[in-house]
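Everything below concerns the one structure shown next.
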Amino acid sequence: MLSKINSFGLAGINGFPVEIEVDINNGLPGYETVGLPDAAVKESKERVRSAIKNSGFQFPPLKITVNLAPADIKKEGAVFDLPIALGILTASDQFSYKLLSDTIYLGELGLDGGVRHIDGILPLLISAREQGCKKVVIPDANKAEASFIDGLTIIPVKSLSECAAYLQKQAELAPLDLRKFETVLTGVKHAGDLKFVKGQASARRALEIAAAGGHNILMIGPPGGGKTMLAKCLPSILPDMTFSEALETTKIHSVAGILGAEGIVSARPFRIPHHTATLVSLTGGGTKARPGEISLAHNGVLFLDEMPEYNRHTLETLRQPLEDGQITVSRAQRTVVYPANFLLIASMNPCPCGHFGGKDNKCRCSPAEIRRYVGKMSGPLMDRIDLHIEVDNVKIEELSDKELSEGSADVKKRADAAREIQLKRLKGRGVYSNSKMDNECVAEFCALDAACSEFLETVFRKLNLSARAYNRILKVSRTIADLEGAVSIGITHIAEAVQYRTLDRKYWM
């Protein structure tokens, strides 16, 4: 007898429908899976066999053929275990096929018949909803993640026997209750707070501008100056995640298998890959084209501490995602496009010993050593970083001051107000911050009067800036004006933006 069960497979962060056909015929006992299955799908034979027997059913001693259609797309993972088992039970007349025809089934089986957690449930459910599916059976262990998806009737099951009893109407299973995103957003906590940062007024100001406009930032200074502490404070002044942003980010974390017990990413990601990170771990890839650190930082912050210590080729791969907000991972078997719209914050010492240009300690490095050290970061990469600031050592008088600085909560209010201005201005443009404005938006919203134009032209010629740097100065100027609530960009806004582009001339000329 032939049975057909509906399921979904995963390609990157997008799901695609899979029809599982199970045919049982007389002949020598055997089990064959076709339809481009990977090793995990092929091994489902033993999991399904034991799960069926240990759930009180009979595994038919006949010739069993399982086809995963469409046959020309690679099927990966153990997500098809549950629908395959149900297909075998249906094809062997152990319960009615009609009860299965309108439902999607997802889940890995244990040998005892239990339905186990699977990675990537969120993108699978979203894709199923987009393709008109109405009802989905999922593992009970995935219900926290699935409870934020509306428009679907989601039935969590703990075991194959429980699922079978539900399908035969021998047991009632309640659909999953929908949870509100606001219930988890209130509990967000951050690792750093600006109130504990002593001194560093210029760095604090640069962080505020970065948060307000979504600008990339590089901090240069001697060891112990507080660069890492400042970087960890950045998420605390960024705007709260919206539900759509949270879903986008959660899809990536779900596919990567690193989603927490809450079931959704409610705080902006803060990723700190070690400087020994490989190209694949940073950008994504491997045999299954998994997301890398830059995609895991989507809608959040990527912090590269001691940036010159990273492999130069690895750093250069950041150029495309910094410009386009996505990364294309191409492998022999597939090509996957992952979102990678992150805010980059990087830190570095000015030289190998760390004291070049410092006020207190004398640099021991030769000019050649300094050039070789900072030369790991190319001009095109530096052009894509909007803000370059120096972070010098803090004086003892500032460190011993017991009075707290202005906290992240107050700074966040100003950054949020600036973001609100940008959202209204850029409504319908497909971008949500000044840093992501295209040339058309820059021309419209960063228009300068005659005095400002003349000032910026003088700066451009004197500093020999690139066209990209010119545009980024305009974007930063627009953010500074938004922080002040100014309608148009003034000379003071441009002057402040320009000072964040001059350090590359000191270290890279």
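The values are calculated or read from the model by the stated rules, or taken from the named source; none is laboratory data. For clarity, every value in this text was computed on a predicted model and none was experimentally measured. Glycine gets a Cβ as well: all are built from the backbone with ideal geometry, and neighbour counts include every protein chain shown. Each accessible area value is taken on the protein alone, full model and side chains, heavy atoms only, with ligands, DNA and RNA left out. Shrake-Rupley method; radii C 1.70, N 1.55, O 1.52, S 1.80 Å.
Whole number in Å², please: accessible area per residue of the range 3-46, 1.4 Å probe, ligands, DNA and RNA not counted.
With all protein chains present, the range 3-46 gives 44 Å² per residue.
Fully extended, how many nm does the chain gain between Lys158 and Asp438 (0.36 nm per residue separation, minus their Cα-Cα distance)? Please list the in-between numbers first.
On the way: separation 280, 0.36 × 280 = 100.80 nm, distance 4.92 nm.
In short, 95.9 nm is gained.
Would you compute, for the Cα atoms of the range 414-466, the largest minus smallest coordinate along each principal axis and list the three values in descending order, in whole Å?
35, 24, 19
For the range 125-164, with every protein chain kept in place, what is the accessible area per residue (1.4 Å probe, Å²)? Don't jump to the answer; show the numbers that get you there.
Numbers: 1390 Å² over 40 residues.
In whole numbers, the range 125-164 has 35 Å² accessible per residue.
How charged is the neighbourhood of Thr249? Take every other residue with its Cβ under 14 Å from the Cβ of Thr249, and add Lys/Arg as +1 and Asp/Glu as -1. Please list the in-between numbers first.
Numbers: positive: Lys251, Arg268, Arg271; negative: Glu145, Asp240, Glu245, Glu248, Glu262, Glu293.
So the environment of Thr249 carries a net charge of -3.
Note down the nm distance, to one decimal, between modelled labels 7 Å out along Cα→Cβ at Lys424 and at Ala451.
The answer from the label model is 2.6 nm.
Can you pull the one-decimal nm distance between simple spin-label points at Ala368 and Leu399, each 7 Å off the Cα toward Cβ?
Going from the Ala368 label point to the Leu399 one covers 3.6 nm.
Per the 1.4 Å probe, what fraction of the accessible area of the range 41-130, in percent, lies on carbon and sulfur atoms?
Numbers: 1650 of 3500 Å².
Its accessible area is 47 percent carbon and sulfur atoms.
Averaged per residue, what accessible area in Å² does the range 367-509 show with a 1.4 Å probe, protein chains only?
Values: 7550 Å² over 143 residues.
Per-residue accessible area for the range 367-509 comes out at 53 Å².
Among DSSP bridges having both ends in the range 255-384, what percentage is antiparallel? Round to the nearest 5. Working shown, then result.
Values: 7 of 13 bridges.
Among the beta bridges of the range 255-384, antiparallel pairing accounts for roughly 55 percent.
Over the Cα atoms of the range 69-211, what radius of gyration and what Dmax do you get, in Å?
21.7, 75
By accessible area of protein heavy atoms, probe 1.4 Å, what ranking do Glu316, Glu172, Glu32 get, highest first? Please report the intermediate quantities before stating the final value.
Working: Glu316 40, Glu172 165, Glu32 100 Å².
Reading off the accessible areas and sorting them downward yields Glu172, Glu32, Glu316.
Taking Cα centroids, how far is the range 443-457 from the range 185-210 in Å?
31 Å
For all pairs of alpha-carbon atoms in the range 180-243, what percent lies in each bin of width 10 Å, listed from the first bin to the last filled one?
In order of increasing distance, the bins hold 19, 48, 23, 8, 1 percent.
Evaluate the Kirkwood expression for the hydrodynamic radius of the range 213-336, namely the inverse of the mean inverse distance over all pairs of different C-alpha atoms, and round to one decimal in Å. Kindly include the intermediate steps, with their values, before the conclusion.
Working: mean 1/r = 0.0640 Å⁻¹.
Computed over Cα pairs of the range 213-336, the Kirkwood hydrodynamic radius comes out at 15.6 Å.
Cα axis of helix 81-91 to longest principal axis of the chain: angle in degrees, 0 to 90, nearest 10?
Around 20 degrees separate the two axes.
Along the three principal axes, how long is the range 340-417 when you take its alpha carbons, biggest first, rounded to the nearest angstrom?
On the principal axes, the range 340-417 reaches 44, 40, 14 Å in Cα extent.
Can you give me the angle between helix 121-130 and the longest principal axis of the chain, using Cα atoms only, in degrees from 0 to 90, rounded to the nearest 10?
Relative to the chain, helix 121-130 is tipped by roughly 80 degrees.
Say R0 is 25 Å: what FRET efficiency, to the nearest 0.05, do Glu172 and Val34 get from their beta-carbon distance? Don't jump to the answer; show the numbers that get you there.
Numbers: r = 37 Å, r/R0 = 1.46.
Here the calculated transfer efficiency is 0.10.
Arrange the residues Ser378, Ser453 by how much accessible surface each exposes, largest first, with a 1.4 angstrom probe. Show your work: numbers first, answer last.
Details: Ser378 10, Ser453 35 Å².
Largest accessible area first, the residues go Ser453, Ser378.
So in the chain, which Cys have no other cysteine's beta-carbon sitting under 4.7 angstrom from theirs?
Cys133, Cys163, Cys233, Cys353, Cys363, Cys441, Cys446, Cys452 - these cysteines have no disulfide-compatible partner (Cβ-Cβ under 4.7 Å) in the chain.
Antiparallel as a % of all DSSP beta bridges within the chain, to the nearest 5?
50 percent
Just grab the label-to-label distance for Thr242 and His274, each label 7 Å out from Cα along the Cβ direction, in nm (one decimal).
Roughly 3.8 nm, to one decimal.
What's the extension gain from His117 to Glu309 if we count 0.36 nm per residue and subtract their Cα-Cα distance? Please list the in-between numbers first.
Values: separation 192, 0.36 × 192 = 69.12 nm, distance 3.83 nm.
Working it through step by step, the gained length comes to 65.3 nm.
What Kirkwood hydrodynamic radius do you get for the range 405-509 when you take the inverse of the mean 1/r over all pairs of distinct Cα atoms, in Å?
On the way: mean 1/r = 0.0684 Å⁻¹.
About 14.6 Å, per the Kirkwood formula over Cα pairs.
Using helices alone, I'd like the mean residue ellipticity at 222 nm for the chain: each DSSP H run of four-plus residues gives -39500 (n - 2.57), total over residue count, nearest 500. Could you put the intermediate results ahead of the total?
Details: 23 runs with 195 residues, N = 509.
Helices in the chain give a 222 nm mean residue ellipticity of -10500 deg cm²/dmol.
Computing the accessible area with a 1.4 Å probe over protein heavy atoms, can you report the carbon and sulfur percentage for the range 255-389?
On the way: 2740 of 5600 Å².
C and S atoms contribute 49 percent here.
Whole percent per 20 Å bin, from 0 to the bin with the longest distance: what is P(r) over all C-alpha pairs of the chain?
Taking all Cα pairs of the chain, the binned fractions are 21, 44, 25, 10, 0 percent.
If you line up the long axis of helix 408-425 against the longest principal axis of the chain, both from Cα atoms, how many degrees apart are they, to the nearest 10?
It works out to around 80 degrees.
In whole angstrom, note down how far apart the Cα centers of the range 228-250 and the range 88-121 are.
Between the Cα centres of the range 228-250 and the range 88-121 lies a distance of 38 Å.
Quick one: Debye curve from the alpha-carbon atoms of the range 299-379 only, equal weights, vacuum; give me log10 I(q)/I(0) at q = 0.14, 0.16 Å⁻¹ to two decimals.
Log-scaled intensity ratios, in q order: -0.61, -0.73.
Using 5 Å bins from zero, what percent of all Cα-Cα pairs in the range 328-483 falls into each bin?
Cα pair-distance distribution for the range 328-483, in percent: 1, 6, 11, 13, 15, 15, 15, 12, 8, 3, 1, 0, 0.
Quick one: Kirkwood hydrodynamic radius for the range 1-145, alpha-carbon pairs, angstrom, one decimal?
Numbers: mean 1/r = 0.0663 Å⁻¹.
That comes to 15.1 Å for the range 1-145.
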